[in-house]
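Taken together, the values in this text are just the output of simple stated rules run on the coordinates, not laboratory data. Just so it is clear, the structure is predicted and the values come from calculations on it, not from any experiment. Methodologically, a virtual Cβ is constructed for each residue, glycine included, from the backbone with ideal geometry; neighbour enumeration extends over all protein chains shown.
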Amino acid sequence: MTKVTFLFSFVVFSSAYATEKTACYKVEGMTCAACSVTIKAAAMKVEGVASVTVDAKNDSAKVTFEDQKTTSAKIAQAITTSGYKASERSCEN
């Protein structure tokens, strides 16, 4: 097996085992319904994010993402950069 074939096999094998994870955040600074739209848009711009749910009433966001492409810290940073303070918290079932 050549180095190129091995590398290709490793990349294909590794990406096949990407898992979907969920992260929850306390989001400070939301004052209206438009804030939810802004937060969702900011999180969705992060590569690997599959879905975002924002609850303005409870100052929270729940994000599902592919762990091979991003991290919960990068998502929190994207939300914070959009003008809100996002801190990771445990997800309640």
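Structural remarks
- Partners for K69 among lysines (Cα-Cα distance below 19 Å; same-chain residues under 8 apart left out): K21, K40, K45
- Listed by chain and number, the aspartates and glutamates whose C-alpha is less than 13 Å from the C-alpha of K26, apart from same-chain residues fewer than 8 away, are D55, D59, E88, E92.
- For V49, the residues whose amide H sits under 5 Å from its own are E66, ignoring neighbours fewer than 5 places away on the same chain, with H placed 1.01 Å from N.
- Three-way shape call for the stretch 19-89 based on the alpha-carbon gyration tensor, with the a/c threshold at 1.5: prolate
- Whole-Hz couplings from phi, Karplus 6.51/-1.76/1.60, listed for the stretch 57-63; x for Gly and Pro: 4, 9, 6, 9, 9, 10, 10
- Phi angles across the stretch 35-41 convert, under the Karplus curve 6.51 cos²θ - 1.76 cosθ + 1.60 with θ = phi - 60°, into 3J(HN,Hα) values of 4, 4, 5, 5, 5, 4, 4 Hz, Gly and Pro given as x.
- Relative to the current alpha-carbon distance between T64 and E92, full extension at 0.36 nm per residue lengthens the span by 8.7 nm.
- Nearest-0.05 FRET efficiency for A73 and A41, computed from C-beta distance (R0 22 Å): 0.70
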